[in-house]
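Derivation of every value follows stated rules applied to the coordinates shown; laboratory data play no part. This structure is a prediction, so every number in the text was calculated from the model and none was measured. Glycine also receives a Cβ, built like all others from the backbone with ideal geometry; neighbour counts cover every protein chain displayed.
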Amino acid sequence: VMAEEAKKLAAYAAVDNHIQNNQIVGVGSGSTIVYAVDRLAERVRQEKLKIICVPTSFQARQLILKHGLSLSDLDRHPELDVAIDGADEVDASLTLIKGGGGCLTQEKIVAGCAKHFVVIADYRKDSKALGQQWKKGVPVEVIPMAYVPVSRTIARRFGGEAVLRMAVSKAGPVVTDNSNFILDWKFEHAQNWKEVNTAIKMIPGVVETGLFVGMAERVYFGMEDGSVKIRD
Ligand code: DER
C-alpha cells in the first residue's frame, strides 16, 4: 500500500486498541494524526463515547473543532489517559525524532502528561538508528533572540550544523505556535540520544528538542503489505 494508506492503517489500529469511554485524549500534530482523529470521531459518534481532547498545536485544535469533539486543555485536564501522535523517525529502542511539522514542544508536554503515549507511523519512519531514514535532522525549538548562539554551540559541541528553518508560505523563518524559531540539527553520527537530549535542552535559549527519549510506550507502523507492525 502507499504511505498514506499505511498511515491510516496505523492510526485506526491505535485508536481501536487504545480508545475507550470516559477518556481524556492528547491529540498529536501532523498528517498521520488526521486519520486517527477521523477514526476517533467516527467511534465517538457510533459508540456514543465520552471523550475529551487536548490538542498539541493550532492544527490539532482545528482538527478537534472540525470534528465536533470536546476540546479542553491542560489547565482543566493535566492528567491524560492516552496521547496519540506521529513521528518523523523511530529507532529500535523507541527513541523518536519529532518536530518535522514544527509542533514538538506542545507535543512533548502533552505526551509527558499522558499515562500512555502511543505513536502512529507509516513504514518510512521505521528505522534501526536515528538518521537512517529521516534526513532533515533533529528539530530544536529556540527563543528567537538566541538562535545564532544556540546553533553555534550545538555545532561546536556535537558536530554537524543546526540550520534555521525558513518558512515556505511566509517570508522569513518558521514561527512556532509558541512564537519561537526552529533549528534543524543535521547531526553527522549516532549519539547517546538520552545524553544529547539533556545537553541540548540545557543550552540557554533552547525551549525543547525533537528527541523523545523513553517516552513512547508503543509504536504502530502501517506496513507496505497492508499489515500493522507493533513495536513495544
Ligand atoms: O511534527 C511532528 O512532530 C509530527 O507529529 C511528525 O513527527 C509526524 O508528522 P507526519 O505524521 O505528518 O509524518
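Can you tell me the Rg and the Dmax, both Å, for the Cα atoms in the chain?
Cα radius of gyration and Dmax of the chain are 17.3, 55 Å respectively.
May I ask for the angle, rounded to the nearest 10°, between helix 32-47 and the longest principal axis of the chain, with both axes built from Cα atoms and the value confined to 0 to 90°?
Tilt of helix 32-47: around 20 degrees.
Using θ = phi - 60° and the Karplus form 6.51 cos²θ - 1.76 cosθ + 1.60, what ³J(HN,Hα) does each residue of the range 184-190 get, whole Hz, x for Gly and Pro?
9, 8, 7, 6, 9, 8, 4
Provide the per-residue ³J(HN,Hα) series for the range 50-62, in order, calculated from phi with Karplus coefficients 6.51, -1.76, 1.60 and θ = phi - 60°, each as a whole number of Hz, with x at glycine and proline positions.
Result, ordered by residue: 9, 10, 10, 10, 10, x, 10, 4, 4, 4, 5, 4, 5 Hz.
Along the Cα→Cβ direction, 7 angstrom out, place labels at residue 21 and residue 227. What is the inter-label distance in nm?
3.5 nm
Of 170/229; 48/170; 136/170, which ones are farther than 30 Å apart at the Cα? Present the calculation step by step, with values, prior to reporting the outcome.
Details: 170/229 38 Å; 48/170 41 Å; 136/170 20 Å.
Checking Cα-Cα distances, 170/229; 48/170 exceed 30 Å.
For the Cα atoms of the chain, what angle does the longest principal axis make with the long axis of helix 3-18, in degrees from 0 to 90, nearest 10?
60 degrees
Need one number: the % of Cα-Cα pairs in the range 182-232 sitting beyond the 13 Å mark. Please list the in-between numbers first.
Details: 881 of 1275 pairs.
In whole percent, the share of Cα-Cα pairs in the range 182-232 beyond 13 Å is 69.
Hey, can you rank 174-184, 198-208, 84-94 by average C-beta count inside 10 Å, highest first? Show your work: numbers first, answer last.
Values: 174-184: 19.4, 198-208: 16.9, 84-94: 22.5.
The densest-packed peptide leads the list: 84-94, 174-184, 198-208.
Taking θ as phi - 60°, what are the ³J(HN,Hα) couplings along the range 225-232 by the Karplus curve (6.51, -1.76, 1.60), each to the nearest whole Hz, with x for Gly and Pro?
Listing the rounded values in order: 8, x, 8, 10, 9, 10, 10, 9 Hz.
Translational diffusion coefficient of the range 22-87 at 10 °C, 1.306 mPa s, Stokes-Einstein with Kirkwood Rh over Cα pairs, in µm²/s as a whole number.
Taking Rh from Cα pairs, D becomes 137 µm²/s.
Nearest 10 degrees is fine. How inclined is helix 104-113 to the longest principal axis of the chain, computing both from alpha carbons?
Approximately 50 degrees, to the nearest 10.
Name the long-range amide H neighbours of residue 71: under 5 Å, sequence gap of 5 or more, or other chain; modelled H, no Pro or chain starts.
53
As a test of understanding, state the convex hull volume per residue of the range 88-162 from its alpha carbons, in Å³. All intermediate terms of the calculation are to be shown ahead of the outcome.
Details: hull volume 8.4 nm³, N = 75.
Taking only Cα atoms, the range 88-162 has a hull volume of 112 Å³ per residue.
Report the FRET efficiency, 1/(1 + (r/R0)^6), for residue 67 and residue 166, where r is their Cβ-Cβ distance and R0 is 30 Å, rounded to 0.05.
Numbers: r = 32 Å, r/R0 = 1.07.
Result of the calculation: an efficiency of 0.40.
Can you give me the Kirkwood hydrodynamic radius for the range 1-126, using every pair of distinct Cα atoms, in Å to one decimal?
Numbers: mean 1/r = 0.0703 Å⁻¹.
Value: 14.2 Å, from the Cα pair sum.
For the range 47-183, what value does the Rg/Rh ratio take when both radii are computed over Cα atoms and Rh is the Kirkwood radius, given to two decimals? Display every interim value, and only then the final one.
Values: Rg = 16.6 Å, Rh = 16.6 Å.
Rg divided by Rh gives 1.00.
Taking one equal scatterer on every alpha-carbon of the range 102-214, how large is log10 of I(q)/I(0) by Debye at q = 0.13, 0.18, 0.22, 0.23 1/Å?
Once normalised to I(0) and log-transformed, intensities are -0.50, -0.98, -1.38, -1.46.
Using a Förster distance of 45 angstrom, determine the FRET efficiency expected from the C-beta separation of residue 46 and residue 148, and round it to 0.05. Let's see the in-between values first.
Details: r = 52 Å, r/R0 = 1.16.
Calculated transfer efficiency: 0.30.
What's the Kirkwood radius of the range 49-89 in Å, using all Cα pairs? Before the final figure, lay out each step's value.
Numbers: mean 1/r = 0.0900 Å⁻¹.
One over the average 1/r among Cα pairs gives 11.1 Å for the range 49-89.
Compute the distribution of all C-alpha to C-alpha distances in the range 137-178, in bins of 5 Å from 0, and list the percent of pairs in each, rounded to whole numbers.
For the range 137-178, the binned pair fractions read 5, 21, 30, 24, 13, 6, 1 percent.
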